[in-house]
Number of protein chains: 4
Amino acid sequence: MVQKFGVDDVRGVIAVAPTPALPGAAELTARDTVDLDESDRMIRALVADGVDGIITNGTLGEMATLTLDEWQAFTACVADAVSDTSSDLPLFVGATTPNTRETIDRIRFLRDLGVRGVILGRPMWSALGADALLAFYRDVANLFPDMAIVLYDNPEAFKGPIPSAVYAELAKVPQIIGAKYIAITPKFTADVAAVGGRLRLLPLESDWLAAHTLHPETSLGCWSSSALCGPQPVLALRDAIRSGDVEAARHLTHRIEWTYEPFLARTNFGEFSKYNISLEKLRFDEAGYVTAGPVRPPYHVVPEAYAEGARENGRRWRRLVGEVRDSDS
Amino acid sequence: MVQKFGVDDVRGVIAVAPTPALPGAAELTARDTVDLDESDRMIRALVADGVDGIITNGTLGEMATLTLDEWQAFTACVADAVSDTSSDLPLFVGATTPNTRETIDRIRFLRDLGVRGVILGRPMWSALGADALLAFYRDVANLFPDMAIVLYDNPEAFKGPIPSAVYAELAKVPQIIGAKYIAITPKFTADVAAVGGRLRLLPLESDWLAAHTLHPETSLGCWSSSALCGPQPVLALRDAIRSGDVEAARHLTHRIEWTYEPFLARTNFGEFSKYNISLEKLRFDEAGYVTAGPVRPPYHVVPEAYAEGARENGRRWRRLVGEVRDSDS
Amino acid sequence: MVQKFGVDDVRGVIAVAPTPALPGAAELTARDTVDLDESDRMIRALVADGVDGIITNGTLGEMATLTLDEWQAFTACVADAVSDTSSDLPLFVGATTPNTRETIDRIRFLRDLGVRGVILGRPMWSALGADALLAFYRDVANLFPDMAIVLYDNPEAFKGPIPSAVYAELAKVPQIIGAKYIAITPKFTADVAAVGGRLRLLPLESDWLAAHTLHPETSLGCWSSSALCGPQPVLALRDAIRSGDVEAARHLTHRIEWTYEPFLARTNFGEFSKYNISLEKLRFDEAGYVTAGPVRPPYHVVPEAYAEGARENGRRWRRLVGEVRDSDS
Amino acid sequence: MVQKFGVDDVRGVIAVAPTPALPGAAELTARDTVDLDESDRMIRALVADGVDGIITNGTLGEMATLTLDEWQAFTACVADAVSDTSSDLPLFVGATTPNTRETIDRIRFLRDLGVRGVILGRPMWSALGADALLAFYRDVANLFPDMAIVLYDNPEAFKGPIPSAVYAELAKVPQIIGAKYIAITPKFTADVAAVGGRLRLLPLESDWLAAHTLHPETSLGCWSSSALCGPQPVLALRDAIRSGDVEAARHLTHRIEWTYEPFLARTNFGEFSKYNISLEKLRFDEAGYVTAGPVRPPYHVVPEAYAEGARENGRRWRRLVGEVRDSDS
């Protein structure tokens, strides 16, 4: 079997989706908590609305807190929905676990389902040194020559960024085609130089215009969890960037930043990292595009002040969706 | 069933044991990697030599990298060896996983085996806020009224210390009887005050004398992974502290510090945290008390300069074992 | 007297200049170490070449290590050279000291010289809380109604960034017209929103294009110490941004980034912060636009590997100056 | 001239004194703010009460915020009071400034006054790398063969601890006889080993018993700013440690810890570092042993909640002084 997805498939709007939960999913004794109907509906809606790719089971996708059975059920559901609606849509399913062997088992399961893309963070109980980090990704890639890997570069979750020198080495591995990148800083420029176009660094949607201005040949896509509040604003941003309409892209970027103003991810990222799952699911529920439902333990606890900021973010995003629709018509 | 172990059982030398691995255990495709014969022998040796308690499956015990089958097999083996040799020895088996529900399943397995003690870190993909951290431990304790819990307070692994205010609350939970504590700093004093004797803070063996000097009524035990290089020096330290022989205790503490001089845990703790499993198993193998064997991926990669420091630590400890034996005779 | 410079004067290329030193300036017993001839020549060259403003006596300008006499002599020389050549050029002289009262004395000296702009970091022996930081800048501004203040926002030097909420308050003070900003991160966007156009945030020249793309109305200038390797590339970047020639601006930005590749400020900013003065002066000397000379103690010590990276940065910049000249002709 | 103080003079209770301020000293226009009468009285009281040494002009001694004139006046006053009352008392005056040359001038002034001890932190605008840090202390020591130097090792103020390897080198310099050490951690043990008895590491008074238990030959003194709330409890601790009365020493240590309970230095050291001067002076004023007076700007701003904790610390200390007196009689 050959690799299905390459670096050129990491483009446009890659939506980062939650794992919808049934009522009661926050209970300690709950089992089979995935809302499979809503999961199916969510994927079909994203495809119908025109996103260019989907990531599941990262941090907000509750990779850490799903049981194996639940992850398998959700993954099968998502894979079905995608293959039903779009044979070519890049789907990157999370397979991050506390160790290499369990991650390999997860990827094998995905491959058997027909999934050909994975998003992969590294084991994080102990931080991995640069040498071990490089070995981890290489080892996994070698075992799955036909599986496309998007790096999950989240310094809070995985105890440090992927060093530029490691990016340079990972870019040589054909299966490694992209990275979900955290923020635009001087290191971003160094990493763009390090990967030399062989691996696509995906910024957050609100950073995309700045990244594209500097790197128009390679900065061809973004990731967005806000897209699960409704993908239209991000799709409009994509179209503006693609057509060279900088003024429209700038306006959309500013409006997206406006939705983030009350969101903890903007005002205090370190603190946000402790409550990210709850805050993401709360804003999704408030925006109404997907019913994300309860949060699995232990991440179901969240201070109300933070929760309200997330809900306001969801309300603002819903208003922004309206603005984008109005300007289209 | 009533709780078997209480705060008074957290005393003396609590040895922190590895999970011995068969040759080839560092391979990605390896399965059933636990060296059960050596595991059985190790536990019996510790009991025979007189340690006062055993902790398994923390960081160096490879909790993060054992498969579920392996953890079950090792745990059953350890439980058998303990119950065979000492019906009362406090055994605290690790049950830390990425989420609450899986941890509950692990503890249920332990209880069914007859194990009555657990050492428990918290989920660490996302750091837990103080409220969520407290809820996590309380939730677990509530489900297992007969299971004694030792907190695993490792700020590097779990993304922050247990705050003093949380210690104060956790000390009110009868099942929570101790904490494996990382280092003696001003916060240690605050935490001793916070728990008010209801929960025993266990320092590292080389900090025990200082802690005992300040808190003779409550500082009645220590943890020691060095004990797996041979428990005799730590047992001699215990006897010196118990008998009030400060000069002997001080001498042993200084000799133990001498063994640590080349060890990365002393010279650079942040860097040590990336390679702790490999470095612990290497020094165990060099000291010769237990054959710890290979390290499971991805933590099997270690720079040689660090490895040599660990081996030298093991050699020094072996020499210290000889000194202690000589002075006994 | 009324305020001479306002927010609209913080525009274009603001060059960050060193304090040229005579041979022997690294000696402990040296006094009167400023090379006043070279200082005069440097300022006249910058003005003649067309920079839009000048900053002196920040970190690389050795504010911390000049004696009071030297600072006064250098400042008088710079003020003369500027007033001789351009009555309107915004000049911002550093007046950062360990305390408020000494800073006030410095600003009084500047005002008596006719200098009407100051760049001001905060006392840094103990970090200042947000309340104290706000009070510090307000107190100083109140005493000097006719003096324009540029904030020096260097989180490494002054132990933390200026919080967004403090920016919002400082923007209300008419004398505070700008900030030398460290890097483009999500906080930059928050701070742009916080100041509402009343205070100009100056990015580094290589971040200017990205900042300008997002904020074309307010991102009208940059700071550049590289300009002291020869200002032509930064001036060309300014002209490209002003004329809307994004392709040219992007090309220049990429070439500037290329010069930074071997520079420690790019590869390890934390480490760079320990050796910044030496590394800046070394690259200036290598590029040849100004003879910066020796570094005053204790910052004269620098590892050779770092030094060579700085020199290579200087050589690359000199080559870039040539490229810009060639493309002009 | 030969060195007057050696390592054996760094013993007992070294009191860390403030610089008493006259009313109005927090004003920006204030000059000559030192309360010289109170300064003289304070020094004479400390000597009369039996402290074994005095440190002035560190962080809480407002080294950063005194004008040169004020520092000279205070220092002359202190030197007079000491020489008047005790020709042999080790006095270590602060001479930390932003650069080497100004520090040299300060030490020269001290020497001319007859002062033979200095406490010296390093320049902190830019952090000093290990090589530069070593060179700084060596350079200063070489210029003053007769001046005894106590290192001021405050990682918050000076941007990092003194590395163990640097301690090993500094211990070889005869003039460097001690260090004001921040806290008892594993690095303390490494540093004790590194200096080999040639340089005395002074712990805080509440850490002294633990340090002395481990290192009875070398841990012969402590520093204490609490002594300026009344030195009696620390002197009683000294006597208990010297006489081998561990139970009394432990009791006093616990009572001292009790006074610290409401103090920000205990509950949040990072936050304390922003307000340390105000909080120290507030507790001194509350305890009543010295009238420390207002705080010089910009460090005069302090949140009331923190201030109240400091006052309560002062009240508790005063009560402890009473307890010690009662038990003496």
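Annotations
- Shortest-first distances to equivalent copies, position D:Pro155, nm, label 7 Å out along Cβ: 0.8, 2.0, 2.0
- Of all DSSP beta bridges in the protein assembly as shown, antiparallel share, percent nearest 5: 5 percent
- Global geometry of chain A, whether rounded, prolate or oblate, following the gyration tensor of its Cα atoms and the 1.5 cut on a/c: rounded
- Accessible-area rank, largest first, for C:Cys77, D:Cys222: C:Cys77, D:Cys222, with all protein chains present and a 1.4 angstrom probe.
- Ordering of C:136-143, D:225-232 by burial proxy (mean other Cβ atoms within 10 Å per residue, highest first): D:225-232, C:136-143
- Formal net charge of residues neighbouring D:Val93 (Cβ-Cβ distance under 11 Å; K, R +1; D, E -1): +3
- Protection proxy ranking of C:87-96, A:268-277 - average other beta-carbon atoms within 10 Å, highest first: C:87-96, A:268-277
- Cβ-vector label at 7 Å, B:Thr29, separations to other copies in nm: 4.4, 7.5, 8.6
- Shielding score for A:258-268, defined as the mean number of other chain Cβ atoms within 10 Å: 2
- Segment A:182-329 shape via C-alpha gyration tensor axes, a/c threshold 1.5: oblate
- Accessible surface of B:Met63 - all protein chains present, 1.4 Å probe, nearest 10 Å²: 10 Å²
- For A:Glu261, the shell of other residues with beta-carbons less than 14 Å away shows a net charge of +4, using +1 for Lys and Arg and -1 for Asp and Glu.
- Interface burial for B against A (accessible surface, 1.4 Å probe, total of both chains, Å², rounded to 100): 4000 Å²
- Considering only chain A, the C-beta nearest to the rotation axis that sends A to D is found at A:Gly270, 7, the distance in whole Å.
- Heavy atoms of C:Thr56: accessible area, 1.4 Å probe, square angstrom to 10: 0 Å²
- Taking a Cβ cut-off of under 12 Å around C:Arg325, the surrounding Lys, Arg, Asp and Glu residues balance to a net charge of -2, with basic ones at +1 and acidic ones at -1.
- The mean count of C-beta atoms from other chains within 10 Å of the C-beta of residues in C:203-212, rounded to a whole number, is 3.
- Taking a ≥ b ≥ c as the square roots of the Cα gyration tensor eigenvalues, the protein assembly as shown comes out oblate, since a/c reaches at least 1.5 and a/b does not exceed b/c.
- Average accessible surface area per residue within segment A:7-243, 1.4 Å rolling probe, Å²: 28 Å²
- Solvent-accessible ranking of A:Asp69, B:Asp105, B:Asp328, largest area first, probe 1.4 Å: B:Asp328, A:Asp69, B:Asp105
- Nm distances between copies for D:Gly114, ranked from closest, using label points 7 Å along Cα→Cβ: 5.1, 8.2, 9.6
- When the chymotrypsin sites (Phe, Trp or Tyr not before Pro) in segment C:141-209 are filtered for DSSP coil states and for at most 14 other beta-carbon atoms within 10 Å of their beta-carbon, no site remains.
- Probe 1.4 Å - accessible area at D:Asp84, Å² to nearest ten: 110 Å²
- Proximal lysines relative to B:Lys281, as straight alpha-carbon distance under 28 Å, when same-chain residues fewer than 8 apart are discounted: A:Lys159, B:Lys159, B:Lys180, D:Lys187
- Helix-only [θ]222 nm of chain A, DSSP H runs n ≥ 4, -39500 (n - 2.57) each, per residue, nearest 500: -16000 deg cm²/dmol
- Inter-chain Cβ neighbour average for residues C:298-304, partner chain, 10 Å: 6
- Computed from the C-beta positions of C:Asp84 and D:Ala305, the FRET efficiency with R₀ = 41 Å rounds to 0.15.
- Solvent-accessible area, 1.4 Å probe, carbon plus sulfur percent, for segment D:153-275: 57 percent
The values are calculated or read from the model by the stated rules, or taken from the named source; none is laboratory data. Since we're looking at a predicted model, the values are computed, not measured. Counting neighbours? That spans all protein chains shown, and the Cβs are built from the backbone with ideal geometry, glycine included. Areas reflect the complete protein model, heavy atoms only, side chains present, ligands, DNA and RNA absent. Shrake-Rupley method; radii C 1.70, N 1.55, O 1.52, S 1.80 Å.
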